[in-house]
Amino acid sequence: MEIIIGKQGSQRMPIDEPTVSRRHCRVISNGDGTYTIENLSQNGTKVDGVDIIRTTVRPNSRIQLGPRFSATLAELIGPTDMPKSEPKTFNISHLRRVWSDFNQGNIEMAKKQQKTNLVRTGFGIFTMCATPTIFLLGDVGYLFTGIGILGNIYSFVGMKNAESIEDRQLRQDAFDEAWICPNPECSRTLPARNYRLLLHNYQSCPYCKCKYVEK
Ligand SMILES: [Zn+2]
């Protein structure tokens, strides 16, 4: 990682000081929490009060650019560029259950609804066919039609939908509450739509960067 610091640099802290060059110095991470800084400006760079051409610095080193501007390295490049500690690893096997319960619920509800819909359609068609039989069969036709109408009423009033909108929402809420990053410092909703994707495609949290494994 390399950052050019200056008025047109890529550092986090904006610099608007005439005595700082557009590209004043270069900072390169050494990967061990220290950085190599290299002066690029005729106005000079000082580290903790000492003129440097190239030297090793730490986040709390005070960097002076030219005669008037100074800040610590951390202030200049920001905490996001500090070396991160190794990402933590979390076991996500409990999420397999969370996903499969929710998914199983969805499938069951869909099947139940399908059955209900089938009965409703059946009685609908039966009634439609029964009505003309009044003209052909007389009283028996009325009986068929009556059965059809009662069946229709039953299929809509007696047979409930597999799941009310409220129940569906409750089930979704319970899933959303459990479908979160297992890192207690993160707990954000997981990006993957299902467990397999989470385990094989994501393998880590996009927010806290913790790693996911199944033990
Ligand atoms: Zn996370």
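Here P18 meets the list (1) exposed (fewer than 15 other Cβ atoms within 10 Å of the Cβ); (2) touching a residue at least 12 places away in the same chain (Cβ under 8 Å); (3) of a type outside the set (S, T, N, Q) almost entirely, failing just condition (2). Against the definition (over 27 Å from I107 (Cβ atoms) and of a type in the set (K, R)), how does K215 come out, yes or no? The answer is yes for K215.
Residues that are assigned by TED's automatic domain parsing to the domain that holds E108, within 27 Å of the chain's Cα centre (by Cα) and under 24 Å from Q114 (Cα atoms): does region 154-166 have at least one? Let's see the steps before the verdict.
Pass one, region 154-166, residues assigned by TED's automatic domain parsing to the domain that holds E108: 154-166.
Of the ones still in play, those that are also within 27 Å of the chain's Cα centre (by Cα) are 165-166.
Going one step further and asking which of them are under 24 Å from Q114 (Cα atoms), we end up with 165-166.
Yes, some residue in region 154-166 is assigned by TED's automatic domain parsing to the domain that holds E108, within 27 Å of the chain's Cα centre (by Cα) and under 24 Å from Q114 (Cα atoms).
For region 187-203, filtering for residues that are assigned to a helix (DSSP H, G or I) and either farther than 24 Å from G105 by Cβ or within 14 Å of the ligand (Cβ to nearest atom) (or both) leaves 2.
Among L197, L136, L170, which is at pLDDT below 90 and either exposed (fewer than 15 other Cβ atoms within 10 Å of the Cβ) or at positive phi (or both)? The match here is L136. Kindly evaluate L143 against the criterion of being more than 28 Å from D173 (Cβ to Cβ) and under 44 Å from the mean Cα position of the chain (by Cα). Criteria not met by L143. All told, N117 falls short of being without any contact (Cβ under 8 Å) to a residue 60 or more places away in the chain, outside any helix (DSSP H, G or I), more than 16 Å from the ligand (Cβ to nearest atom) and of a type in the set (S, T, N, Q).
I'd like to check something: does region 127-140 contain any residue that is away from the ligand (no atom under 16 Å from the Cβ) and outside any helix (DSSP H, G or I)? Yes; the residues of region 127-140 include at least one that is away from the ligand (no atom under 16 Å from the Cβ) and outside any helix (DSSP H, G or I). Figure legend. Inter-residue proximity from region 168-186: first residues within 16 Å of the ligand (Cβ to nearest atom), second residues basic (K, R), beta-carbon distance below 7 Å, spacing 6+ or different chains. Indicated pairs: I180/R188; C181/R188; N183/K88. If you check I52, I77 for being more than 27 Å from Y202 (Cβ to Cβ), under 38 Å from the mean Cα position of the chain (by Cα) and among the β-branched types (V, I, T), only one passes: I77. Against the conditions (1) under 23 Å from P87 (Cβ atoms); (2) more than 16 Å from the ligand (Cβ to nearest atom), G105 satisfies every one except (1).
Which of the strands (runs of 3 or more DSSP E) found entirely inside region 1-72 contain at least 3 residues meeting this: out of contact with any Phe, Trp or Tyr (no Cβ under 8 Å at 6 or more places or on another chain) and of a type outside the set (A, V, I, L, M)? Don't jump to the end; show me each part of the working.
Numbers: elements: 2-5, 25-29, 35-39, 45-47, 50-52, 54-57, 62-65, 69-72.
Output list reads 35-39, 69-72.
Within region 204-215, track down each residue that is in a loop (DSSP other than H, G, I, E, B) and either within 12 Å of the ligand (Cβ to nearest atom) or modelled with pLDDT under 90 (or both). Walk me through it before giving the result.
Our first condition is that a residue be in a loop (DSSP other than H, G, I, E, B); within region 204-215, this holds for 205-210, 214-215.
Of everything in region 204-215, those that are in a loop (DSSP other than H, G, I, E, B) and either within 12 Å of the ligand (Cβ to nearest atom) or modelled with pLDDT under 90 (or both) turn out to be C205, P206, Y207, C208, K209, C210, K215.
Within region 89-101, residues that are among the polar types (S, T, N, Q) reach partners that are surrounded by 14 or more Cβ atoms within 10 Å (Cβ to Cβ) with beta carbons closer than 8 Å, at six or more positions or on different chains, in the pairs T89/C210; T89/K211; T89/Y212; N91/P182; S100/Y195.
The values are calculated or read from the model by the stated rules, or taken from the named source; none is laboratory data. Bear in mind the structure is a predicted one, so any value in this text is a computation, not a measurement. All Cβ positions, even for glycine, are placed from backbone atoms using ideal geometry, and neighbour counts span all protein chains on display.
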